[in-house]
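The values are calculated or read from the model by the stated rules, or taken from the named source; none is laboratory data. Just so we're clear, the structure is a prediction, and the values are computed from it rather than from any experiment. When we count neighbours, we look across all protein chains shown, and the Cβ atoms used for this are built from the backbone with ideal geometry, even at glycine.
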Amino acid sequence: MNVHPLPQPGLHYAAERPQDAAEAAALIDRAFGPGRFTKSSERVREFAAFRPDLSFCAFHDGRLIGVVHQHIVRVGERTVVFLGPLAVEAEERKHGAGHALVDYASDAAQAAGFDAILLVGDEAFFGRSGFSADPAAKVAMPGPVDQRRVLLKALKPGGADGIEGAVRAPA
């Protein structure tokens, strides 16, 4: 189980609801811009199965200020969760909402019975939540990607062991 930050006045986290989708998409567009559509992670999201029940939003005084999405993919013969995108409003980033969203998403994936979570991101940031490049060394993302940014997190002992091969659509 992850350690969530201390509660802050006016800040709360909740599973993403259908009525949050448009606002979450707008936040992701602001955070990443049109260049995100050229990234390997976006190729994955084109065929991955979105899981709103494993995705979360952060709200500050009722305003959506952060979002994390999760999808289901296969890596080789293993089904794993693919985390991303993660976006937080620029002026809200200093409050730890990004880490909290990752931790809530990880907890939900673990509770749903998944073994591991895969993502593409900065190990210095995501390492604080248990992600590492080492177990993802044999994961093949579609399109060009810096392999050092492909990260895995085991959700149970041995959960990331033997995860290798191409990332593809879930079965």
Q: Would you be able to tell me the number of residues in region 127-139 that are closer than 17 Å to residue 77 by Cβ and either of a type in the set (Phe, Trp, Tyr) or without any contact (Cβ under 8 Å) to a residue 40 or more places away in the chain (or both)?
A: 3
(Q) I'm checking my understanding of the structure. Among residues of region 46-61 that are farther than 20 Å from residue 11 by Cα and crowded, with 18+ Cβ neighbours inside 10 Å, which one is farthest from the chain's Cα centre (by Cα)? (A) 48
Q) Is it true that residue 76 is among the small types (Gly, Ala, Ser), more than 17 Å from the chain's Cα centre (by Cα) and surrounded by 15 or more Cβ atoms within 10 Å (Cβ to Cβ)? A) yes
(Q) Condition (residue is part of a loop (DSSP other than H, G, I, E, B), surrounded by 13 or more Cβ atoms within 10 Å (Cβ to Cβ) and on the phi > 0 side of the Ramachandran plot) applied to region 13-27: is it met by at least one residue? (A) no
Q.
I need the full set of residues from region 47-63 which are at pLDDT below 95 and assigned to a loop (DSSP other than H, G, I, E, B), in order please.
A. 61, 62
Q) Which condition number in (1) touching a residue at least 24 places away in the same chain (Cβ under 8 Å); (2) more than 15 Å from the chain's Cα centre (by Cα) is the one that residue 34 fails? A) (1)
**Q.** Qualifying residues in region 84-124 (those that are in a strand (DSSP E or B) and over 11 Å from the mean Cα position of the chain (by Cα)) - the one surrounded by the most Cβ atoms within 10 Å (Cβ to Cβ)
**A.** 116
Q. List, please: which pairs have Cβ atoms under 6 Å, are six or more places apart or on different chains, and start with a residue in region 37-62 that is farther than 22 Å from residue 89 by Cα and end with one that is among the aromatic types (Phe, Trp, Tyr) and at pLDDT 90 or above?
A. 44/82; 48/82
Q) Is it the case that region 150-158 has a residue that's closer than 22 Å to residue 46 by Cα, touching a helix residue (DSSP H, G or I) at 6+ places or on another chain (Cβ under 6 Å) and not β-branched (Val, Ile, Thr)? A) yes
